[in-house]
Amino acid sequence: MDHARPVSEPDILLVIGAHREELAFGDRVAETLEVLSDIPPFSVLRIPEGLSGRHPRSDEVYRTDVQHRELYHQIKAEVGSRRLVIDLHRGFDDHGPCADIFSGDDQLLRTIQNQIDDQGTDTKARALSSVRCIQIDHSERNQDRAMISAYTRIPREVWDAPSFRFVGLEVYIPTSDDGRQTDWVFAADLLKTIMQTV
Ligand SMILES: [Zn+2]
């Protein structure tokens, strides 16, 4: 994560590979996104050796928590003056591609949801109807689902930062590999929608 930053950096930072098993998927999505039209300028923070997305054994929990916190502090240090950070993840769902969008900013989530709802009635829009917007909070009811509770492990100074907005995007695909073109296009379209809120 020690790459040079241009003098004038884009407002948007896309983070890929926070979980190392998901890095190749992130690469494909970023490549797909770069050739879409009307994309606001963005930079990619590619984490070459991310965390393991595997569920930790009980004796690994403490170390995993520390590594997780350290990684997100490093990500925060990379944000600079940017206004939006999108943290891309890949999950598995038989009926995918589908997605969850996480943010601590309910206003931002409503804006994203409205944009998704406004996409019309074409095929892409039907795929986008399988997107859920989920607010990050620390209440008990969110603890029963692995991904949501994982997101609550992101330090509050990252997801609730005063100087930038943080969005987690988990795209669920129907294979456990790096996905297919349809998955990458689905993810890239969704990123475009999120990026256009800036
Ligand atoms: Zn992940």
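Each value in this text was obtained by applying a stated rule to the coordinates, not by laboratory testing. This structure is a prediction, so every number in the text was calculated from the model and none was measured. Here the Cβ is made from the backbone with ideal geometry for all residues, glycine too, and neighbour counts use every protein chain on show.
Here the gap between ARG69 and GLN119, fully extended at 0.36 nm per residue and compared with their Cα-Cα distance, gives a gain of 14.4 nm. Across segment 12-195, C-alpha contacts under 8 Å between residues 6 or more apart give a mean separation that, scaled by the residue count, equals a relative contact order of 33 percent. Positive contributions from Lys and Arg (+1) and negative ones from Asp and Glu (-1), summed over other residues with Cβ under 9 Å from the Cβ of VAL198, come out at +1. DSSP beta bridges confined to segment 12-195 are antiparallel in about 20 percent of cases. Apply the a/c threshold of 1.5 to the C-alpha gyration tensor of segment 12-195 and tell me whether it is rounded, prolate or oblate. Rounded is the answer for segment 12-195, as its axis ratio a/c remains below 1.5. Modelled label positions at ASP27 and ARG156, each set 7 Å beyond Cα in the direction of Cβ, lie 3.8 nm from each other. Taking label points 7 Å from Cα along the Cα-to-Cβ direction, ASP11 and ASP93 give a separation of 2.9 nm.
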